[in-house]
Number of protein chains: 2
Amino acid sequence: MKRGVEQGEPPIFDDAFRARLDKLFEWRRDVRRFKPDKVASSLIEDLVRTASLAPSVGNSQPWRFVSVETLAAREAIIANFHACNAAALKSYEGERAALYAGLKLAGLCEAPVHLAVFCDHATEAGSGLGRKTMPEALDYSVVAAIHTFWLSARAKNLGVGWVSIIDPKDVCRTLNVPPAWKLIAYLCVGFPQEEHLDPELERHDWQAHLVENARLHRG
Amino acid sequence: MKRGVEQGEPPIFDDAFRARLDKLFEWRRDVRRFKPDKVASSLIEDLVRTASLAPSVGNSQPWRFVSVETLAAREAIIANFHACNAAALKSYEGERAALYAGLKLAGLCEAPVHLAVFCDHATEAGSGLGRKTMPEALDYSVVAAIHTFWLSARAKNLGVGWVSIIDPKDVCRTLNVPPAWKLIAYLCVGFPQEEHLDPELERHDWQAHLVENARLHRG
């Protein structure tokens, strides 16, 4: 060991913790229905610090979390979503279109917190390690941070919804971020109105749960 | 609520669980040094089932986990890594090159379990929902499943290492997967030789931890 990091004893994870962790994975959910209650800024800051414990390629830590707070920016983001969602609706027909139109696909108006999460493609951290054959691993590192944020948020009774029906370049323009920042996710965050075990899209008949996708293939 | 899923009571997460969860994030680590001990196949199957609780765009569940078990396939993967790693080493000079050459960047020879994780771009699950403006969200869903696998594995005392220094198309050829499957990650899995709080790349002076990346920007 070259560096003098105080290690302490490795934690012991017992059956009780593992059972609880499984509950966290089961009840995580993508939330679109939020209470109006405010969320303390310090709570979001804590969650971003926790998210930064995520794995990253070459230890590049390329995540950039932006809290979208001005009314002008939020209105532009909501307009962006509405335009993209209207275009998406046109691509469905008949019953699917009716089903799509009835889904709640964002919680942008109600969510007290909006977070835009970017990957900084200009970062020199990590010195390019692990990024030559699979450069997309840099973006994937940010997804790991987002999922860490999400799980930690749920353990603190906060709900997170990931909105991908949005024009990412338009989000970059709205927020005026550096040109090398790529949008990975736009998140709605707040206290959920209700808790569910099943995904909203299963509950509203969009997509069944696929048990066959949970199996291990062998090669 | 349209469908009759038995919900049960939402779980209550307390301070003790949250403190333990933070320990899990802190001690997760990317592992490259494995004990030779075998890992029960049922344990990997359980982890894949848990991973399948991850969020996915449009509830598309596009993850495909392949356990790489034949000697021929493993040898081809190891050769793939060595070729890519030698090419990567040539891109560094002087002290960085010496440092790079001294890093342990894979545990492919020692790890009892190899998992190739793919995204099925031909899946019709989710009916394309959420994938029009940000189609990359499909790949990101697989990353969320991988990170879920990783956290659950660590809670069961298993180590995971994500190898990105590999030619992804070559992996697809070696494993002869359907043409629409895209490699997202190649994982080494096994019981770790040692536990650390700090990342291997920090311990070996490749990359410092960047506290400034753990802060919340405002826009």
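The values are calculated or read from the model by the stated rules, or taken from the named source; none is laboratory data. Just so we're clear, the structure is a prediction, and the values are computed from it rather than from any experiment. Don't worry about glycine lacking a Cβ; one is built from the backbone with ideal geometry, like all the others, and counts go over all protein chains shown.
Return only the number of the condition from (1) surrounded by 20 or more Cβ atoms within 10 Å (Cβ to Cβ); (2) of a type outside the set (S, T, N, Q); (3) touching a residue at least 60 places away in the same chain (Cβ under 8 Å) that A:Ala73 does not satisfy.
In the conditions (1) surrounded by 20 or more Cβ atoms within 10 Å (Cβ to Cβ); (2) of a type outside the set (S, T, N, Q); (3) touching a residue at least 60 places away in the same chain (Cβ under 8 Å), A:Ala73 misses (1) alone.
Given the structure, is A:Thr174 more than 13 Å from A:Ile77 (Cβ to Cβ) and not charged (D, E, K, R)?
The answer is no for A:Thr174.
One line per residue, one yes/no per condition, for (1) basic (Lys, Arg); (2) within 23 Å of A:Arg20 (Cβ to Cβ); (3) touching a helix residue (DSSP H, G or I) at 6+ places or on another chain (Cβ under 8 Å):
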{"position": "A:Cys109", "(1), (2), (3)": "no, no, yes"}
{"position": "A:Arg131", "(1), (2), (3)": "yes, no, yes"}
{"position": "A:Ala153", "(1), (2), (3)": "no, yes, yes"}
{"position": "A:Leu158", "(1), (2), (3)": "no, yes, yes"}
{"position": "A:Gly219", "(1), (2), (3)": "no, no, yes"}
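Select from segment A:41-55 the residues that are among the aliphatic types (A, V, I, L, M) and over 17 Å from A:Val68 (Cβ atoms) and list them in ascending order.
Of everything in segment A:41-55, those that are among the aliphatic types (A, V, I, L, M) and over 17 Å from A:Val68 (Cβ atoms) turn out to be A:Leu53, A:Ala54.
Test each condition in (1) modelled with pLDDT under 95; (2) touching a strand residue (DSSP E or B) at 6+ places or on another chain (Cβ under 7 Å); (3) closer than 30 Å to B:Leu43 by Cβ for A:Gln193 and report the one that comes out false.
(3)
Does segment B:156-163 include one or more residues that are surrounded by fewer than 24 Cβ atoms within 10 Å (Cβ to Cβ), farther than 18 Å from B:Ala111 by Cα and touching a residue at least 24 places away in the same chain (Cβ under 8 Å)?
Looking through segment B:156-163, none of the residues is surrounded by fewer than 24 Cβ atoms within 10 Å (Cβ to Cβ), farther than 18 Å from B:Ala111 by Cα and touching a residue at least 24 places away in the same chain (Cβ under 8 Å).
Under 9 Å between Cβ atoms, which residue pairs at least 6 apart in sequence (or on different chains) link something in segment A:178-191 that is without any contact (Cβ under 8 Å) to a residue 60 or more places away in the chain with a partner that is in a strand (DSSP E or B)?
As it stands, the answer is A:Pro178/A:Arg64; A:Pro178/A:Phe118; A:Pro178/A:Asp120, since those pairs meet every condition given.
State whether one or more residues within segment A:110-130 are surrounded by 19 or more Cβ atoms within 10 Å (Cβ to Cβ), among the aromatic types (Phe, Trp, Tyr) and in contact with a Lys or Arg (Cβ under 6 Å, 6 or more places away or on another chain).
Yes: one or more hits.
Please go through segment B:1-22 and pick out each residue that is part of a helix (DSSP H, G or I) and surrounded by fewer than 19 Cβ atoms within 10 Å (Cβ to Cβ).
B:Asp15, B:Ala16, B:Phe17, B:Arg18, B:Ala19, B:Asp22, listed by residue number.
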